[in-house]
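Working notes, structure below.
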Amino acid sequence: MASYEKRGKRSFRLRVDLGFDTNGKRLQRMKTIRIEDETLLRAPKRLEKYLEEELLKFKMEVEAEGYIRPQKMTFAQFVDEWREKYAKTELSPRTQKIYMDHIAARILPALGRRRMDEIKPMHLVALLTDLRRPDARMDRSGPLSDRTITYIYSVLRNLFNVAVDWKLIKENPMAGIKKPKVEKKKAQYYDAEEAEAVIRALQEEPRMWRLLVLGALIGGLRRGELVALEWSDVHFDINALHVRKSISLKENGQEIEKSTKNDEDRFVEMPLWYMEEMKQYRREWLQERLKVGDLWQGGEREYVFHSGFGRPIRYDYPTEWWAKFVKRHGLRRIRFHDLRHSSATILIEMGVPLKVIQERLGHKQHQTTTDIYSHVTKKLSREAANMFDRFNPQKNVN
């Protein structure tokens, strides 16, 4: 933060705020300038512009000379630099938000006032140990999940790796700290019979929600990919959906679009009956747009799944709607994202090659598909081996 204040008839003090030291004392750099030009003093707007220019030059001087020497920089000051010079260019908007939420809630309270060169492995071990408390949640209602603790560990590694790259510290205090153990949970999914029950129940729901859920269950699309889908992405000529972007964050009332998870767009072919219903929905969509008239908020954008006035539905709302849906119909509850897993699992059991499924789901690496669905491939491997039982030489021995 930078500011100026009048000190005398002709003098003004420029001030650049540098945060706080380890003792909580505010750090500032100040400079007094004197104005001899009488005409400038009598012209408020010109004077204000002049002072703003001088303040900007002074701020640049302070930053250029490295007023906060690395050995005096606090962790909180480093985070400010990291956010502006690293996070905003290297991380997606949603990842930035998740990182900053964890930093603000968990990391800054523990490390914020410590100098960068004072932070040792034991400080970080203590922080990670504290995350294991039975009442570690912000509302004290219970412990943090293993997944959350592991994510915070990854945030810490990122922060200190950058600090080393920038030569703010010589050694990385995270280097010898092992990643917290995570109990791997078995993926949840519907089998073919359960998927059919879901599809039957969807026939009682609004067409928009039916098509959106089927996009996950049959097409394997991610939630953010469905929310970002526009009519220009729906190709009736080839019965496919063009997946090229995602919405998983909203800031200042505006949806933030980004590329797909692996920065690769894909065409997902859909069943003919799905595309026929999509055509019917398109006709209803156009009628609804005409009906709302000037209340339309979508502009030139044509989001397939919108909230009634053209804006895409809130990116996390499908999860809320899905939870109510399964309860309403007495279905076994799995996460909305697990519909995507269900799609892949059913295809694998139907004998579809993993390479095809990899491309359909948008996995960059074939190994990713293999690892996630190893539970299914192991089962099929066992079934394949059992097919050779007919050749058992002992089978026909009396």
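Details
- Residues whose amide H comes within less than 5 Å of that of residue 240, counting only those at least five positions distant or on another chain, are 235, 270 (H built at 1.01 Å from N in the peptide plane).
- Net charge of Cβ neighbours under 13 Å - reference residue 297; Lys, Arg +1; Asp, Glu -1: -2
- Residues with amide H under 5 Å from that of residue 28, placed H, sequence gap 5 or more: 18
- Neighbours of residue 46, meaning other residues whose beta-carbon lies under 13 angstrom from its beta-carbon, give a summed charge of -3 when Lys and Arg score +1 and Asp and Glu score -1.
- Residues 78, 58, arranged from fewest to most other Cβ atoms within 10 angstrom of their Cβ, appear as 58, 78.
- Taking all Cα pairs closer than 8 Å and separated by 6 or more residues, the relative contact order of the chain comes to 11 percent.
- Other residues whose C-beta falls under 15 angstrom from the C-beta of residue 323 contribute a net charge of +4, scoring Lys and Arg +1 and Asp and Glu -1.
- Per-q log10 I(q)/I(0), the range 76-230, q = 0.12, 0.14, 0.20 Å⁻¹ (Debye; single scatterer per alpha-carbon; no solvent): -0.71, -0.84, -1.23
- The range 194-382: proportion of alpha-carbon pairs further apart than 25 angstrom, %: 36
- In sequence order, calculated HN-Hα J values of the range 165-176 (Karplus, 6.51, -1.76, 1.60; Hz; x Gly/Pro): 4, 7, 6, 7, 9, 7, 10, 8, x, 8, 4, x
- Value of D in µm² per second that Stokes-Einstein yields for the chain, Kirkwood Rh from Cα pairs, at 10 °C (1.306 mPa s): 61
- Whole-Hz Karplus values for the range 212-217 come out as 5, 5, 5, x, 7, 6 Hz, taken residue by residue from phi with 6.51 cos²θ - 1.76 cosθ + 1.60 and θ = phi - 60°; glycine and proline positions read x.
- Highest mean packing first, where packing is the average number of other Cβ atoms within 10 Å per residue, the peptides 348-361, 126-139 line up as 348-361, 126-139.
Taken together, the values in this text are just the output of simple stated rules run on the coordinates, not laboratory data. Everything numeric here is computed off the predicted structure, so don't read it as measured data. Don't worry about glycine lacking a Cβ; one is built from the backbone with ideal geometry, like all the others, and counts go over all protein chains shown.
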